[in-house]
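As structure tokens, the structure follows; a few thoughts come after it.
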Amino acid sequence: MGVGHYENFPVASVLLPASLRPAVRAIYRFARTADDIADEGDAATETRLAQLQALDDELRALGPTSERWPDLAAAVAAHGLAIGPFRDLLSAFAQDVTTTRYQDWPTLLDYCRRSANPIGRLLLALYRRSEPRLLAMADAICTGLQLTNFWQDVALDWAKGRVYLPQEDLGRFGVSEEQIASQRADDAWRSLMAYEVDRTRTMLRSGEPLAAALGGRIGLELRLVVQGGLRILERIDSARGDVFRHRPRLTARDWTVMALRALRPLPATARLSASA
């Protein structure tokens, strides 16, 4: 369920209407291209930033004659997509190149606002939905999935020199970066992870009514996506926060559990929230 390459989001699946699949593929291709510039290979910081700036320039000039992004230009024109969310993604990826620590929760959420939330907002735009309450639920889901990925990949991110756990939280629970480096999952670490998992779960749950509001096949797919995030958080809990030795991975059994949960009726409170 790696958010880094957007596998957490619907990518032209069979549950999406055929008319929307080309646009979703185009959005995915752009996001993954930009993410790979920021994250893959051994290019220098200046080179990565220059390549991301070149992408931004291409976005500004996007049109029917675009050579590199004809699919994206077609999607923007056909569905009236705003360029702002794409530029937010580029802003977040540039930040990944230059920023390796986050002081507190609001600072981390601001990063997620630009690194994850644009995808949900673009997908809502494809469905011609822009109600503020739906946008807020989409943001909760996308940020929750991004955070889930961070907690799942603490060790992988450390190897890249990044710590997404807020510095404020590390201090609150008495966890040092040396402890991350040594992969020591003691009581302090378990308490920290339980805290982050709990508030991330609450965030994902708060976005669940979006599935009922959208309904149909996209609602079902969205519920499956949310269940995937929740299942990863369950895995972290069951490992008592030790993501170093037990990095969560979804198995065939997990997918069965997720599908069954996705097919269950939403609780009455969630249905009421969706119809409010």
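The values are calculated or read from the model by the stated rules, or taken from the named source; none is laboratory data. Note that this is a predicted model, so its numbers are computed, not measured. Positions of Cβ are backbone-derived with ideal geometry, glycine not excepted, and every protein chain shown enters the neighbour counts. Surface accessibility is based on the protein's heavy atoms, side chains included, excluding ligands, DNA and RNA. Shrake-Rupley method; radii C 1.70, N 1.55, O 1.52, S 1.80 Å.
Data overview
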quantity	calculated
Any hit, the range 152-165, residues being surrounded by fewer than 14 Cβ atoms within 10 Å (Cβ to Cβ) and either out of contact with any Ser or Thr (no Cβ under 7 Å at 6 or more places or on another chain) or under 30 Å from GLY215 (Cα atoms) (or both)	yes
Test for ASP71: is it more than 22 Å from the chain's Cα centre (by Cα) and either among the charged types (D, E, K, R) or open to solvent by less than 60 Å² (accessible area, probe 1.4 Å) (or both)	yes
Lone unmet requirement of (1) at pLDDT 90 or above; (2) in a loop (DSSP other than H, G, I, E, B); (3) crowded, with 19+ Cβ neighbours inside 10 Å for PHE30	(2)
Extreme residue, most open to solvent (accessible area, probe 1.4 Å), among residues of the range 240-250 that are more than 23 Å from GLU208 (Cα to Cα) and within 22 Å of the chain's Cα centre (by Cα)	HIS246
Cβ-Cβ under 8 Å pairs, at least 6 apart or on other chains, the range 98-114 side part of a helix (DSSP H, G or I), far side charged (D, E, K, R)	TRP105/GLU168; TRP105/ASP169; ARG113/ASP88; ARG113/ASP139; ARG114/ASP88
Selected residue [in a loop (DSSP other than H, G, I, E, B), aliphatic (A, V, I, L, M) and over 30 Å from GLU178 (Cα atoms)] from LEU90, LEU81	LEU81
Filter result for the condition that a residue is assigned to a helix (DSSP H, G or I), in contact with a Lys or Arg (Cβ under 9 Å, 6 or more places away or on another chain) and either at pLDDT below 95 or of a type in the set (Lys, Arg) (or both), over ARG201, ARG217, ARG190	ARG190
Every pair of residues 6+ apart whose Cβ atoms lie under 9 Å, when the first sits in the range 174-188 and is loosely packed, with under 14 Cβ neighbours inside 10 Å while the second is assigned to a loop (DSSP other than H, G, I, E, B)	GLU178/ARG184; ASP186/VAL175
Test: residue in the range 117-127 that is surrounded by fewer than 17 Cβ atoms within 10 Å (Cβ to Cβ) and in contact (Cβ under 8 Å) with a residue 60 or more places away in the chain	yes
